[in-house]
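Peer 1: Structure provided below as structure tokens; questions to follow.
The values are calculated or read from the model by the stated rules, or taken from the named source; none is laboratory data. None of these values were measured; they are calculated from a predicted model. Cβ placement follows ideal geometry from the backbone for every residue including glycine, while neighbour counts extend to all protein chains displayed.
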Amino acid sequence: MIFKDYYKILGLSSEASAEDIKKAYRKLALQFHPDRNPDDKTADNKFKEIVEAYEVLSDSNKRKEFDNLRNFGSASKKTYYNKTYNDNFEPSYQTFYKKEKYDDPQKLWEEFKKDYNFKNFSDFFKNFFSSKKSNKGYDKTSKLTISLSEAYNGSVRIVTISNKKFRLKIKPGILDDQLLKIKGMGNPAPTIDGKPGDFYLRIKITPDSRFERKGDDIYTEKYVDIYKVLLGGEIIVENISGSIKIKIPQGIAYGKILRIKEKGFPNYDNPNKIGDFYIKIKYVVPKNLSGEEKQLLEQLYELNKKKLNN
């Protein structure tokens, strides 16, 4: 489960007022509305995120709870709603939203809340903002920072929860902002027959200047000797897993990206699925050439001229 920053989704800071939140929602809801973006899956997903963000930030209790989680503090007591939603309802944008084109996005929101099934929201929303009643204790939250190498290889950390130490195993492939749930380690239940809350650990991965991670893929840049570019051949490239020997073709273009299959991150949920490794080739034109180097380049230049003239 990945943490969602609802402020970023709406393009706001955490200091935004209720009016700022409403204005941002109105603008984005119209921009990504399914009627305006037919058959556009990206816009459709963005629209769902916008609605989900507004559902949380427009509600003062949910917003407080989200702020506590976002700031890595203890989560406030959850506010639950005595509402029942039809679990089988699957809204169709093509039929539902074309009932009427609203000029006022606030009316759109009110209609959306009336009919929309919250099960279509993200796992993050369902875990923290469930509409079901509960006598469960408060959840606790904290943060754990790991290196990119630990995220790749997996790691074991000792964490302290309620003055107790636990050995936490982090599987390879964990994502930045992923939430790890430790059941029953939150605050005690408010009633005898209730359940204790859970403990959520938000994983933060320290950036590595050598690599950029995109999902399960790894990206890097490699500066290659100009002569190797002209002649082609083998080079050594550093990956998180170690050194890799690859071949570059003769005369490779500046900025060309080479793909090495299954040399990226293991997938967190499916370790047999491995991402790819992408290498952008760059080079620098040498300066301060020696007399001999200049002479050889001039000879090469003359040879190339003859070749073009023939």
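Peer 1: Does D20 satisfy the condition of being of a type in the set (D, E), more than 22 Å from the chain's Cα centre (by Cα) and surrounded by fewer than 13 Cβ atoms within 10 Å (Cβ to Cβ)?
Peer 2: no
Peer 1: Continuing with this model, one more query. Give the number of residues within segment 242-291 that are surrounded by fewer than 13 Cβ atoms within 10 Å (Cβ to Cβ) and in a loop (DSSP other than H, G, I, E, B).
Peer 2: Counting residues in segment 242-291 that are surrounded by fewer than 13 Cβ atoms within 10 Å (Cβ to Cβ) and in a loop (DSSP other than H, G, I, E, B) gives 19.
Peer 1: Given the criteria of a type in the set (S, T, Y) and either closer than 30 Å to D176 by Cα or touching a Phe, Trp or Tyr at 6+ places or on another chain (Cβ under 9 Å) (or both), does Y301 qualify?
Peer 2: no
Peer 1: Scan segment 229-262 residue by residue and report those that are under 11 Å from I279 (Cα atoms) and of a type in the set (K, R).
Peer 2: The answer is K256, R259.
Peer 1: Okay, moving on. Being under 16 Å from S149 (Cα atoms), in contact with a helix residue (DSSP H, G or I) (Cβ under 8 Å, 6 or more places away or on another chain) and assigned to a strand (DSSP E or B) is the filter here; which residues of segment 208-240 pass it?
Peer 2: Of everything in segment 208-240, those that are under 16 Å from S149 (Cα atoms), in contact with a helix residue (DSSP H, G or I) (Cβ under 8 Å, 6 or more places away or on another chain) and assigned to a strand (DSSP E or B) turn out to be D208, F211, R213.
Peer 1: Okay, moving on. Could you tell me which residue of segment 141-180 is surrounded by the most Cβ atoms within 10 Å (Cβ to Cβ), considering only residues that are among the hydroxyl-bearing types (S, T, Y) and closer than 12 Å to Y200 by Cα?
Peer 2: Going through the qualifying residues, I end up with T141.
Peer 1: Let me ask something additional. Is it the case, given these coordinates, that F199 is more than 30 Å from N68 (Cα to Cα) and in contact (Cβ under 8 Å) with a residue 60 or more places away in the chain?
Peer 2: Judged against the criteria, F199 is not a match.
Peer 1: Quick one: in segment 206-234, which of the residues that are touching a strand residue (DSSP E or B) at 6+ places or on another chain (Cβ under 7 Å), surrounded by 16 or more Cβ atoms within 10 Å (Cβ to Cβ) and more than 18 Å from D269 (Cα to Cα) is modelled with the lowest pLDDT?
Peer 2: By that ranking, first place goes to K228.
Peer 1: Moving on to the next point. State all residues of segment 203-239 that are touching a Ser or Thr at 6+ places or on another chain (Cβ under 7 Å) and free of Cβ contacts under 8 Å to residues at least 40 places away in the same chain; if no residue qualifies, say none.
Peer 2: R210, I236
Peer 1: List pairs: first residue in segment 165-182 and at positive phi, second residue part of a strand (DSSP E or B) and of a type outside the set (A, V, I, L, M, F, W, C) anywhere in the structure, Cβ distance under 8 angstrom, at least six positions apart or on different chains.
Peer 2: Close Cβ pairs satisfying both conditions: G173/P266; D177/R202; D177/K204.
Peer 1: Taking the condition of a type in the set (A, V, I, L, M, F, W, C), touching a Gly at 6+ places or on another chain (Cβ under 8 Å), over 24 Å from K181 (Cα atoms) and in the same structural domain as F125 (by TED's automatic domain parsing), does L12 pass?
Peer 2: no
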